[in-house]
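The next block holds one structure in the form of structure tokens; read it before the comments.
The values are calculated or read from the model by the stated rules, or taken from the named source; none is laboratory data. Keep in mind that this is a model prediction, so the values were computed, not measured. A quick note on method: Cβ atoms are made from the backbone with ideal geometry, for glycine too, and the neighbour counts reach across all protein chains shown. These area figures cover heavy atoms from the full protein model, side chains too; ligands, DNA and RNA do not enter into them. Shrake-Rupley method; radii C 1.70, N 1.55, O 1.52, S 1.80 Å.
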Amino acid sequence: MSPASLPGPTRTAVTAIGVASVTLLGALAVGGSGEVSASPPAEPKVQDAFDSLGPEVHAAKLANGRTAHYSDSGSKDGKPVLYIGGTGTSARAAHMTDYFRTTRENLGLRIISVERNGFGDTEFDKGLGKADFAKDALEVLDRLKIDDVSVVAISGGGPYAAGLAARAPGRISALHLAAALPPYGAKPAYCAMSDEALAAALKDSIKDPRTWWAFPDDSPVKSIPGFADTAYEEGARTYNQRGQQADPAPQVHEQKLYCERPGPDLAKLDAPVYLYGGKKDTTVPPATLKTWQEALPGTAKVRTYADSGHDVQYRHWDQILVDLAGQGERTVICRGKQTKVPYAKEADRLVAEGKATLGSCAWTR
């Protein structure tokens with residue numbers, strides 16, 4: 001019986017099967033033996049260069065005989081930025097901001113980070129202070145043939161940034177302090193503790209990076225894919241890289257350096273300064289912004305955010321990158337489903353009218 005002699009619905013179904021069969025046969029090849037085989041798939045595409053797994057840590061023998069460890073990310077022709085991480089971080093800490101790596105590369109920024117005493121790959125010497133870090137960082141910059149540099153300091157990196165700015169004010173092209181602890185004003189409460197008591201208070205969190213890098217459940221960083229695990233890896237590197245088995249001694253030493261007063265004189269610093277603070281920050285409270293302002297010459301640009309605590313440096317890293325690129329008159333906003341960076345006046349208006357939110361649209365997804 002031919003399809004034409006079949007009832008309507010049946011004829012339609014048989015015809016459809018026939019068309020499908022012809023289509024399938026069209027995708028097959030018939031060999032000389034009469035066997036039918038599928039056409040070979042298209043040649044797979046494999047990349048010609050490696051993708052980055054994050055910054056590599058380099059070693060440099062210093063004039064004083066010690067070895068400095070540092071990372072260097074971005075184009076060698078890019079605008080140099082010295083990244084000073086918070087307390088308990090290694091030379092690879094800047095990798096925790098690589099969720100905006102594309103933006104950093106688009107802005108042409110080169111991020112350098114010099115490791116501090118006793119963390120990561122760097123041997124601990126209890127005789128070293130903040131001034132030694134400044135010397136080491138400047139020598140690394142000299143080796144990289146970098147003269148002027150922008151500095152961004154996070155949290156416990158604040159006192160080191162101040163020391164560097166006081167030592168070489170003419171080499172600082174801009175200073176960015178994000179939730180940064182000031183070496184001015186009242187001393188932290190733990191300064192009254194003995195080294196032994198402070199070590200006892202810190203040892204458990206140092207042993208477990210998940211505790212050291214814990215953020216509140218409502219922290220915006222929870223929305224960054226892989227952020228928590230990257231932070232845990234950074235903590236493990238900081239306290240175990242040389243087999244030091246989470247020895248609290250370098251951490252105790254560093255935190256006691258934060259107790260030193262008075263802080264360095266910044267009167268000779270002649271560079272733009274940006275201050276970033278989270279209004280919910282209980283670690284470096286918003287009041288410390290005023291402390292910085294009192295110590296700094298000139299007028300600093302202050303950015304405060306109601307949506308942030310001690311995670312402001314991560315939540316608003318997009319804005320910090322734009323500021324580091326010398327575009328501080330612009331503000332990063334999300335309007336609709338697109339990230340825009342208009343001039344501040346226009347951005348403020350759109351945010352006030354509820355037509356935009358601060359930061360990249362990545363934060364809204």
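The table for this structure:
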item	result
Matching entry among Ala68, Ala63 (being at pLDDT 95 or above, in contact with a helix residue (DSSP H, G or I) (Cβ under 7 Å, 6 or more places away or on another chain), outside any helix (DSSP H, G or I) and open to solvent by 80 Å² or more (accessible area, probe 1.4 Å))	Ala63
Qualifying residue in the stretch 298-309 (condition: farther than 25 Å from Arg116 by Cα, in contact with a Pro (Cβ under 6 Å, 6 or more places away or on another chain) and small (Gly, Ala, Ser))	no
Residue identified as in contact with a helix residue (DSSP H, G or I) (Cβ under 7 Å, 6 or more places away or on another chain) and either open to solvent by less than 50 Å² (accessible area, probe 1.4 Å) or under 25 Å from Glu56 (Cα atoms) (or both) among Ala153, Ala131, Ala161	Ala153
Top-ranked residue of the stretch 188-202 - restricted to ones that are out of contact with any helix residue (DSSP H, G or I) (no Cβ under 9 Å at 6 or more places or on another chain) and open to solvent by less than 80 Å² (accessible area, probe 1.4 Å), ranked as nearest to Gln245 (Cα to Cα)	Ala200
The stretch 270-294: number of residues that are surrounded by 20 or more Cβ atoms within 10 Å (Cβ to Cβ) and of a type outside the set (Asp, Glu)	10
Scan of the stretch 180-229 for residues that are assigned to a loop (DSSP other than H, G, I, E, B) and of a type in the set (Asp, Glu), ordered by number	Asp208, Asp217, Asp218
Evaluation of Ser308 against (1) part of a helix (DSSP H, G or I); (2) within 20 Å of the chain's Cα centre (by Cα) (one fails), failing number	(1)
Whichever residue in the stretch 208-240 is under 24 Å from Glu123 (Cα atoms) and among the acidic types (Asp, Glu) and, among such residues, is most open to solvent (accessible area, probe 1.4 Å)	Glu233
